[in-house]
Structures are given as structure tokens and as C-alpha cells.
Amino acid sequence: MITIRRAKQEDRESIWRVHIRAIKEICKSHYSEDELQTWSGVLKPWRYKEAISSKTFFVAEDSDVIIGFGQLDQENGKVEAMYVCPDHIRRGVGRKILHALESVAQESDLTSLHLWASLNAIPFYKSAGYTAQQQTSYLLPFSMVARVCMVKKLTYRLNRPPTCQIESQGIRS
């Protein structure tokens, strides 16, 4: 049975392994080997410490094994990460994680969420109600990786729709 729970500091190594596998195995259909190596090469288990402490960070477990994770920045209404172990894709794991993040966002009175989707993840997010806004590239050491800004309205919003913004050191939303 798949369960979703808040991440703990002792989960960092498992989260890292899921993250690396997802990039190298799932994203290879849309990115070159050099892009995948650069993308996964910047990841280290210690890099999750701050996010687990300060963000909404969930893990998905199956029989006490972490098989996916998702991270939400509530202040900015941004889904910052969502990855599922390749052995568990297309089994509803990603949908459960995304639903948990969206529920927290709605409880926080956010009216929309945005994210940067890898090219291979666009169909998943579209099926979850997100719409593509723009494609751009994300600066990694020695490489640019293509991605697409996507937005989902959680409730009716009268003021301007959310947009993705360019930051001086790469792209952020």
C-alpha cells in the first residue's frame, strides 16, 4: 500500500536515490546523456536538508521504502520538485504526491500553483489540470536543460494570472 507522509531528515539518502534514478531513467527519453549527467551530478543527499526543514516536503512509501517525493514552496505557490522511482511510474504515485501538495496549497488559501516541468513530465501535469505557459532553459553547471512553466488555478482568481519569471542566475518561477 502506498502512503504519503512528511519527509524526515533521515529520508535524505533515499530521496536522493529516487531523484537520481528518476532523472537518469525516466528523463532519458527527452534529454541527452550529457544533460542527464549534469542534472543529476549537482544532486547530493545533504542538499535536501533545508527543504525538508523549511518547505512542504512529502515522500511516498510502499512497504516502508521511499518510492517518490514532492516539494512545495507555499510562500511562492510553486511545486519545486516531484519525482517517482522508475519502478513505480504510472501506478498513481505521482498523482498521490501532487494531490497532497495541492491540498496543502488549498488549505493555505493559494489560488494557483506553478511549476517547471521537465519535457517528459508535461503530459502528466496536463492530465492533472496544469497548462503550459512557456518553454525555457534552466542553467546548470556547464549545461542548459529545457523545461516548461506550467500553471494550475486552484480557485477562481480575479487578479492577473501567475507567470514564470526569469532570475539572474538561471530561471525561477
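The values are calculated or read from the model by the stated rules, or taken from the named source; none is laboratory data. These numbers were taken from a predicted model, which means no experiment stands behind them. For neighbour counting, all protein chains shown are included, and Cβ atoms are generated from backbone atoms with ideal geometry for every residue, glycine included.
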Check: Filter the range 108-127 for residues that are in contact with a helix residue (DSSP H, G or I) (Cβ under 6 Å, 6 or more places away or on another chain) and closer than 13 Å to Val79 by Cα; which is surrounded by the fewest Cβ atoms within 10 Å (Cβ to Cβ)?
Finding: Ala117
Notebook entry, point to check: Looking at the range 27-40, which of the residues that are more than 18 Å from Glu80 (Cα to Cα) and in contact (Cβ under 8 Å) with a residue 40 or more places away in the chain is surrounded by the fewest Cβ atoms within 10 Å (Cβ to Cβ)?
Noted result: Ser29
Check: Yes or no: Ala105 touching a residue at least 40 places away in the same chain (Cβ under 8 Å), buried (at least 16 other Cβ atoms within 10 Å of the Cβ), in contact with a strand residue (DSSP E or B) (Cβ under 9 Å, 6 or more places away or on another chain) and farther than 20 Å from Lys126 by Cβ?
Finding: no
Margin query: With surrounded by fewer than 19 Cβ atoms within 10 Å (Cβ to Cβ) and on the phi > 0 side of the Ramachandran plot as the only criterion, which of Arg17, Arg6, Arg90 stands out?
Written below: Arg90
Next item on the list: With the checklist (1) part of a helix (DSSP H, G or I); (2) within 23 Å of Glu33 (Cβ to Cβ); (3) at pLDDT below 95 in hand, flag the one item Ala117 doesn't pass.
Entry: (1)
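Just for helices (runs of 4 or more DSSP H) wholly inside the range 1-102: which have at least 3 residues that are within 21 Å of Val148 (Cα to Cα) and of a type in the set (D, E, K, R)? Please lay out each step first, then the result.
Numbers: elements: 12-21, 33-41, 49-54.
In the range 1-102, the matching helices (runs of 4 or more DSSP H) lie at 33-41.
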